[in-house]
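Worksheet: the structure to be examined is printed underneath.
The values are calculated or read from the model by the stated rules, or taken from the named source; none is laboratory data. Small disclaimer: the values here were computed from a predicted structure and weren't measured. Glycine gets a Cβ as well: all are built from the backbone with ideal geometry, and neighbour counts include every protein chain shown.
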Amino acid sequence: MADREPDFEASASALGYVYQLRKALQLCVSRLGSLDWSLAIEAGDDIEEVTDEGRTYYQLKHRAPGIRLTNASVDLWKTLRIWAHGIAHGQLDLDETDLVLLTTAALPEGSVGSWLQARDSGCRDEVRALAALEATRKTSKSDALVKPFKAFDLLTDQQRARMVSRIQVIGNAPDVDAVEGQLRQSAVTAVGREHATSFLVRLEGWFFRRTIQQLRAGDLDAISGLDFDEVFSDLRNQFGRANLPIDEDIAGLEPNLTKYAGQPFIRQLELIELGSSRVSRAVRDYMRAVTQRSRWLGENLLLPGELSRYERRLIEEWEELFDDMVDGLGAQAAEVEKVAAARRIYKWAMTEAQRRIRPECDEPFVSKGSFHMLADDYRVGWHVDFGARLMAVLEPVETTSV
């Protein structure tokens, strides 16, 4: 079993990172309704929260069930090392900073952690907590605590007492799965149980991407209360009855012309002699619409028959203009006239068609791509002779034997 220990350590570390992100997101959700805060990952600490009243540093420890936070716990002393180092080097201002150690481990009765619980817990005793820390410092011979002890020694008696007064230890904290459960309940409250999973996936996706940006840019790019409130509200609105979510990864898809060359909707564009850049945009809209529709269907976000009703409305609106074009051209129209008229119909579909799948779902690629999907099935077209010409291309030529 010894050769598997690194794998276990890596798994625990990865789980710790997920816990850190989920707990940070849960803190953001719990602050909804207030805008005067910001939150950053790996800035001053695992999580740093800043409000008008000051800042709070969070150290998070995700441990297996049954683990206890004792007076000689490595988790406790590594946390103290970080804070003591910041104090000793002038990087942590105790006058404006609260220090929180949040751990899934239990707090044994009579331990430092038990004496540093919340002030309203009824069992807080900073004097006994500090005495226990100093006693552990004198008696422990653990090699793992050498560096934390050195950092602790850098502080004066007054600084130690002041540090302890700012520490709050939260034990038996919800683990990574329980935090996910809290987030899911918040999602249920926001959009209902039916769409809670889809909502939470998108909220976590945004938060993880935003956190990566913050880590690259530093604490100047911390997530603000205003940022989060706007994103949460916008996402919640996308799951309303009059809207559908538009996913950033899909909205950012870029065209692969080679993959779609020869498809009917491309041949339709070739009939009206469309330029390469416009064909590229058509492929982009087609790709995005197909992919977004597939995700909506996979997540049961569409109502029964909603897509077919939407396509019917698009087709009927197209029919009115297409038939008018046919009547206007007449039987003797030249090819140049047919192409010019077809381009007008195509321009209408790409820029003027007003049909939306839902009233507030105004993402352009949904309607544009839907027209291309219908064109791919020959249910709409641009050139007055699109049906006959495409059939002629696709039907095999019969040969006669001599």
Taking the range 136-160 and keeping residues part of a helix (DSSP H, G or I) and surrounded by 14 or more Cβ atoms within 10 Å (Cβ to Cβ) leaves THR136, ARG137, LEU145, PRO148, PHE149, ALA151, PHE152, GLN159, ARG160
Taking the range 56-84 and the residues there that are in a loop (DSSP other than H, G, I, E, B) and under 30 Å from the mean Cα position of the chain (by Cα), the one that is surrounded by the most Cβ atoms within 10 Å (Cβ to Cβ) would be HIS62
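Can you name the residue in the range 30-55 that is of a type in the set (Ser, Thr, Tyr) and not in a loop (DSSP other than H, G, I, E, B) and is also farthest from ALA217 (Cα to Cα) among such residues?
Filtering the range 30-55 for residues that are of a type in the set (Ser, Thr, Tyr) and not in a loop (DSSP other than H, G, I, E, B), the one farthest from ALA217 (Cα to Cα) comes out as SER30.
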Taking the criterion of being more than 21 Å from ALA173 (Cα to Cα), free of Cβ contacts under 8 Å to residues at least 12 places away in the same chain and in the same structural domain as VAL176 (by TED's automatic domain parsing), would at least one residue in the range 78-90 satisfy it?
yes
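So that you can scan it fast, the table gives a plain yes or no per residue for (1) in the same structural domain as PRO174 (by TED's automatic domain parsing); (2) polar (S, T, N, Q); (3) surrounded by fewer than 19 Cβ atoms within 10 Å (Cβ to Cβ):
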position	(1), (2), (3)
ALA190	yes, no, no
THR197	yes, yes, yes
ASP221	yes, no, yes
LEU226	yes, no, yes
GLN238	no, yes, no
ASN256	no, yes, yes
ILE266	no, no, no
GLU270	no, no, yes
GLU273	no, no, yes
Take the range 105-122 and flag every residue that is surrounded by 14 or more Cβ atoms within 10 Å (Cβ to Cβ) and assigned to a loop (DSSP other than H, G, I, E, B).
ALA105, LEU107, PRO108, SER111, LEU116, GLN117
If you take just the helices (runs of 4 or more DSSP H) that sit entirely in the range 209-283, which of them hold at least 2 residues that are of a type in the set (S, T, N, Q) and closer than 25 Å to SER34 by Cβ?
225-238
Lone qualifier among GLU299, GLU319, GLU306 - being modelled with pLDDT of 95 or more and farther than 19 Å from LYS368 by Cβ:
GLU299
